[in-house]
Amino acid sequence: MTFDRVFTQAPWETEIGHCRAVRAGDHIFVTGTAPLDDDGGVYAVGDAYGQAKRCLEIISRSLAQLGASMADVVRTRMFVTDITRWAEFGRAHREVFANHPPATSMIEVKSLIGPAMLIEIEADAVRPTAH
C-alpha cells in the first residue's frame, strides 16, 4: 500500500510531526484542522460559524489534493470550546454536508492550541484510488 501526504504551512506540522492529511489506499484521514487564515493567524475571531466554515474549507482543499471531495467524507469530529454554540458550528457543517451527511461527533474540550480558536475539525473520507 502506498501513502500520500498533504502538508500546509501550519507551524504545528513541523513542531509536532504530523501532516494535514494522509491517504492510505482508499482511505483519507484529515488531521484536526484549526481555523487559520492565510497568514497563520486565527480566522474570524469570536465567530463560531465563520471558524467552522474556515476549517471545512481547509479540509476541502486538502481532500482535493488527494483526489477526493467533501462528498467522500464519511466521518467528522468537531472539537469545540463552547458546546452551547452548537447550532452555529452545526449550521456550517450542515451547509457543507447537506447532500451527503457523514457520521459526526461534536465534543466540548477545555481549550484548543490557540486561545482564540473555537473549533477544530477532523475528517475521514473514502475514495477509491484510480487503477
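List of remarks:
- Met1 sits among other residues whose Cβ lies under 12 Å from its own Cβ, and their net charge, with Lys and Arg +1 and Asp and Glu -1, is -1.
- Value of relative contact order over the chain, rounded to a whole percent, pairs C-alpha under 8 Å and six or more apart: 32 percent
- Additional length obtainable on full extension of the chain from Thr104 to Phe29, 0.36 nm per residue less Cα span: 25.6 nm
- Fewest-first ranking of Glu88, Glu108, Glu15, using other Cβ atoms within 10 Å as the exposure measure: Glu15, Glu108, Glu88
- Trypsin sites (Lys or Arg not before Pro) restricted to region 91-127 and DSSP loop, no more than 13 other C-beta within 10 Å: Lys110
- Residue-count net charge about Trp12 - beta-carbon cut-off 13 Å; Lys, Arg +1, Asp, Glu -1: -2
FYI, it's all coordinate maths here, none of it is from the lab. Here the structure is a predicted model, which means the values were calculated and not measured. Positions of Cβ are generated from backbone atoms using ideal geometry, with glycine treated the same way; all protein chains shown enter the neighbour counts.
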